[in-house]
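Below is one structure, written out as structure tokens; the observations come after it.
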Amino acid sequence: MPIYDKFAQLYTLGPYTRYSQRMAELLPAVLRALGIEPRKILDLACGEGTFVVAAAKQGWDVTGLDASGEMLQAARRRLAAEGLDARLLQGDMRELAFTDEFDLVTCWYDSLNYLVEQADLEAAFRGVAAALRRGGRFIFDMNTIFGLAALWASDPCQVMQDTPGLFDVHINSYDYEANLATKRIAGFVSQGGSWVRIDEEHRERGYRLEEIAASLKASGLEEIARWGRLEDMSPPDRRTGRVWFAAKKAAA
């Protein structure tokens, strides 16, 4: 069973969707700064659809792709509730099958950190390059090594939600030799007078920024910007926990 299939129920009820909503709010300014006006967007690891819904509301032609069927079901419900239309596909972002189709590809909320082998990261980047039209852009974020080791794992036990009908706790750790962060999720949801337990284990790899840049280049994408804060598009520093990259497919 893919990760997020069980966690989807906790995810849709919790604070997690705020990040994608914030990315949708900030994206227009970023696009203006990059001097582009995309029409067709592919959102990788689209999850429960917060960003897809927001993008569709702004009039973009949106395709969302995610590995989790449960998350995609939640996305379909969100679209239906808003009376919006978008293409939703279940698939692996390492195996994209699009060709010269999109003006912009996005991937939010450190989803690419889940690709713990550099070969897998480059496979995803190659698929993005193929999916983009000439001159198309790719905007994504990733947790840094500092973000995973010093920020994420420094809080080894996080209670994310605690309500009369829901409890959600994360146990975090970091393997410094492998640059791998592990998040053990335990959740409890009240259903029909009893409690249902949800357990998942998530792993993310911390990549050096130059490893990410090298993988982009090897995949036929040119890095055009990297930011430590998307709000003011300021550069990252050694204590940056999350970095946003912008890359483009060569025009010729």
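Some points to look at:
- Within region 192-230, the set of residues being among the aliphatic types (A, V, I, L, M) and either under 25 Å from M23 (Cα atoms) or part of a helix (DSSP H, G or I) (or both) comprises L209, I212, A213, A214, L216, A218, L221, I224, A225, L230.
- Filter result (out of contact with any Gly (no Cβ under 9 Å at 6 or more places or on another chain) and part of a loop (DSSP other than H, G, I, E, B)) within region 166-191: Y176, E177, A178
- Test result for A186, over 23 Å from V30 (Cα atoms) and small (G, A, S): yes
- Any chance V116 is buried (at least 21 other Cβ atoms within 10 Å of the Cβ) and modelled with pLDDT of 95 or more: no
- Scanning region 167-201 for residues that are touching a strand residue (DSSP E or B) at 6+ places or on another chain (Cβ under 9 Å), open to solvent by 30 Å² or more (accessible area, probe 1.4 Å) and small (G, A, S) yields S173, A178, S190.
- Among the residues of region 128-143, those that are open to solvent by 10 Å² or more (accessible area, probe 1.4 Å) and of a type outside the set (A, V, I, L, M) comprise R133, R134, G135, R137, N143.
- Any hit, region 129-147, residues being in contact with a strand residue (DSSP E or B) (Cβ under 8 Å, 6 or more places away or on another chain), at pLDDT below 95 and among the acidic types (D, E): no
- Conditions (1) at pLDDT 95 or above; (2) touching a Lys or Arg at 6+ places or on another chain (Cβ under 8 Å): number failed by A251: (1)
- Residues of region 208-232 that are in contact with a helix residue (DSSP H, G or I) (Cβ under 7 Å, 6 or more places away or on another chain) and over 24 Å from A24 (Cα atoms): R208, E211, S215, A218, S219, G220.
- Top-ranked residue in region 202-228 [being in contact (Cβ under 8 Å) with a residue 40 or more places away in the chain and open to solvent by 60 Å² or more (accessible area, probe 1.4 Å); ranked as nearest to R239 (Cα to Cα)]: R208
- Any chance F102 is under 17 Å from the mean Cα position of the chain (by Cα), touching a residue at least 40 places away in the same chain (Cβ under 8 Å) and within 30 Å of G35 (Cβ to Cβ): no
- Residue check, R238 in a loop (DSSP other than H, G, I, E, B) and closer than 23 Å to A149 by Cβ: yes
- Within the option set D61, D92, being touching a Leu at 6+ places or on another chain (Cβ under 9 Å) and acidic (D, E) holds for one residue only, D92.
The values are calculated or read from the model by the stated rules, or taken from the named source; none is laboratory data. Since we're looking at a predicted model, the values are computed, not measured. Cβ coordinates were reconstructed from backbone atoms using ideal geometry, including for glycine residues, and neighbour counts include every protein chain displayed. Note: areas computed on protein heavy atoms with side chains; ligands, DNA, RNA excluded. Shrake-Rupley method; radii C 1.70, N 1.55, O 1.52, S 1.80 Å.
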